[in-house]
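J.: Okay, handing you the structure first.
The values are calculated or read from the model by the stated rules, or taken from the named source; none is laboratory data. Just so you know, these numbers come straight off a predicted model, no measurement behind them. So basically every Cβ, Gly included, is an ideal-geometry build from the backbone, and we count neighbours across all protein chains shown.
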Amino acid sequence: MKRLKLAAIGCGARAQTYLSLAAQMPQKYEIVAAADPVPERVEKIKALADNPDFRGYSSAAAILAGDKLADVMIIATQDRFHFEPCKLAMEKGYDILLEKPISPDLSEVHQLQKITRQLQRRVVVCHVLRYTEFYGKVKEIIDSGVLGNIITLNASEGVLPWHQAHSYVRGHWANVEKGSPMIVAKSSHDMDIIHWLIGERCTAISSFGALTYFTPENAPAGAPERCTDGCPIGDHCMYNAKLYAGVHRHEWLSLIYDRARAASDEEVYQWLKTGPWGRCVYRCDNTAVDHQVVSMQFKGNITATFTMTAFEHERHLDIFGTEGILKSGKFYKDQTGADIIVTRHDSGEVTRYRLDSSDDLNDGHYGGDKGLMTALYDEMNKTDTGEMHTSLSSSVHGHEMAFAAEKARLENRVVQLQQMKRSPSSMRIIKLSERNRAPKCEY
């Protein structure tokens with residue numbers, strides 16, 4: 001077996017996750033190079049590589065300046081920096097593993113799709129949910145016909161209050177103008193999965209949502225700008241940034257602070273005094289919504305809804321077919337022990353599915369990160385890119401849905417997908433003049 005050589009542009013949490021998994025599969029992968037402006041992150045990848053010939057670089061430009069170094073380039077930069085290195089890497093001859101979203105600009109999404117076809121490159125988008133046993137089983141059940149024809153699908157994603165605060169209030173994706181809107185940055189996973197499960201193209205979308213809770217109006221009396229400045233309710237606040245030195249050190253601090261494991265509590269507190277993650281969640285520059293609902297119509301008059309909320313945990317899914325109903329999610333798992341429950345209309349027969357990887361349902365991607373890296377070797381060796389599981393081309397429509405949903409939310413109207421397909425430039429996410437409050441409705 002000839003190993004695939006991997007390199008990475010952007011060495012943050014996502015690249016570290018993928019490459020740590022790759023390092024556990026040495027029969028498939030060899031890690032040869034990485035680029036990041038933060039030297040400590042490049043060193044982390046070097047340690048994972050365990051390769052004496054590993055090369056480290058300080059920028060995308062530097063790693064792409066010389067000869068081709070690897071078979072696959074992982075693009076794991078921040079959202080707005082995906083397009084250029086992805087384009088240049090393809091022109092250099094690399095196949096690509098591209099972190100989602102493809103780009104925060106739909107016109108760039110379509111440009112990359114065109115370049116991929118012109119250069120005949122393999123581009124796998126990190127829609128990791130498609131690689132999970134859970135969603136694979138749901139797709140298998142749908143395709144078996146036991147549900148009949150799908151009439152309606154309802155899906156929800158509970159981001160979790162702390163996750164919302166970490167990533168979309170204090171963190172990299174908090175400010176839409178500097179990155180991507182929530183429905184693109186976070187829930188492009190869900191738009192992709194809904195499209196994939198239904199198996200038809202979306203024709204029309206409406207959406208409502210706003211930034212309602214994480215605002216200055218909801219700040220407790222006397223709350224300072226930073227949690228480290230002596231907040232009067234700090235000991236009882238679930239969003240107290242000092243928790244990064246405690247219960248949130250391993251899972252969350254390690255994503256943003258390279259010395260998370262070794263640092264003393266005092267060192268963490270000092271770091272929080274100046275960094276964005278030390279700010280009061282009610283006094284940030286965030287513009288990402290904290291809740292949003294999307295209504296969708298698909299070809300064949302199939303309908304679907306999606307709810308994203310900061311104030312729930314895990315994903316839930318209900319599918320209503322002409323022959324049966326499928327229900328799944330954390331609530332059903334807690335109540336019945338089953339990951340998926342199917343009920344037939346005619347007989348009332350109930351089938352409960354308990355998955356071998358059900359423990360993985362407790363992680364944020366349902367075991368999908370491992371599933372992706374396990375499958376990547378075969379994906380990158382397929383001669384027909386149309387057979388790839390999450391090729392860029394197969395991932396574009398889910399992105400179109402996400403951009404259309406945001407446009408519908410901002411403009412208070414139903415967006416026709418075919419119309420927007422003809423004019424993708426009109427689907428750029430405009431700079432918002434307000435803090436993503438609910439737009440004024442006109443009846």
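J.: Conditions first: (1) touching a residue at least 12 places away in the same chain (Cβ under 8 Å); (2) within 19 Å of the chain's Cα centre (by Cα). Residue 251 passes all but one, so which condition is the exception?
T.: (1)
J.: Now for a separate question. Residues of the stretch 123-171 being acidic (Asp, Glu) and surrounded by 17 or more Cβ atoms within 10 Å (Cβ to Cβ), which ones? Step through it out loud before you land on a result.
T.: So the first thing to find is which residues in the stretch 123-171 are acidic (Asp, Glu), and the list is 133, 140, 143, 157.
Passing the criteria: 133, 157.
J.: When you go through 324, 348 one by one, which is the residue that is of a type in the set (Gly, Ala, Ser), surrounded by 21 or more Cβ atoms within 10 Å (Cβ to Cβ) and either in the same structural domain as residue 228 (by TED's automatic domain parsing) or more than 23 Å from the chain's Cα centre (by Cα) (or both)?
T.: Working: 348 fails: surrounded by 21 or more Cβ atoms within 10 Å (Cβ to Cβ).
Being of a type in the set (Gly, Ala, Ser), surrounded by 21 or more Cβ atoms within 10 Å (Cβ to Cβ) and either in the same structural domain as residue 228 (by TED's automatic domain parsing) or more than 23 Å from the chain's Cα centre (by Cα) (or both) holds for just one of 324, 348, which is 324.
J.: Please state which one of 257, 269, 239, 244 is over 24 Å from the mean Cα position of the chain (by Cα) and outside the structural domain of residue 413 (by TED's automatic domain parsing).
T.: Every option except 269 fails the conditions.
J.: Do you know which of the residues in the stretch 3-53 that are of a type in the set (Val, Ile, Thr) and touching a helix residue (DSSP H, G or I) at 6+ places or on another chain (Cβ under 9 Å) is nearest to residue 69 (Cα to Cα)?
T.: Step one: of the stretch 3-53, the residues of a type in the set (Val, Ile, Thr) are 9, 17, 31-32, 38, 42, 45.
Remaining after also requiring touching a helix residue (DSSP H, G or I) at 6+ places or on another chain (Cβ under 9 Å): 9, 17, 31-32, 45.
Working: 9: 12, 17: 21, 31: 10, 32: 7, 45: 15 Å.
Result: 32.
J.: Any residue that is β-branched (Val, Ile, Thr), buried (at least 18 other Cβ atoms within 10 Å of the Cβ) and over 28 Å from residue 209 (Cβ atoms) - is there at least one of those in the stretch 369-380? Spell out the reasoning first.
T.: First pass over the stretch 369-380, keeping only residues β-branched (Val, Ile, Thr): 374.
Subset that is buried (at least 18 other Cβ atoms within 10 Å of the Cβ): none.
No, there is no match, as no residue in the stretch 369-380 is β-branched (Val, Ile, Thr), buried (at least 18 other Cβ atoms within 10 Å of the Cβ) and over 28 Å from residue 209 (Cβ atoms).
J.: Could you please find all residues in the stretch 302-326 being of a type in the set (S, T, N, Q) and more than 19 Å from residue 207 (Cβ to Cβ)?
T.: Narrowing the stretch 302-326 to residues of a type in the set (S, T, N, Q): 303, 305, 307, 309, 322.
Across the stretch 302-326, the qualifying residue is only 322.
J.: Limited to the stretch 205-223, what total is found for residues that are surrounded by 17 or more Cβ atoms within 10 Å (Cβ to Cβ) and polar (S, T, N, Q)?
T.: Result for the stretch 205-223: 3.
J.: Assess whether residue 78 counts as being more than 27 Å from residue 115 (Cα to Cα) and either in contact (Cβ under 8 Å) with a residue 60 or more places away in the chain or surrounded by fewer than 19 Cβ atoms within 10 Å (Cβ to Cβ) (or both).
T.: no
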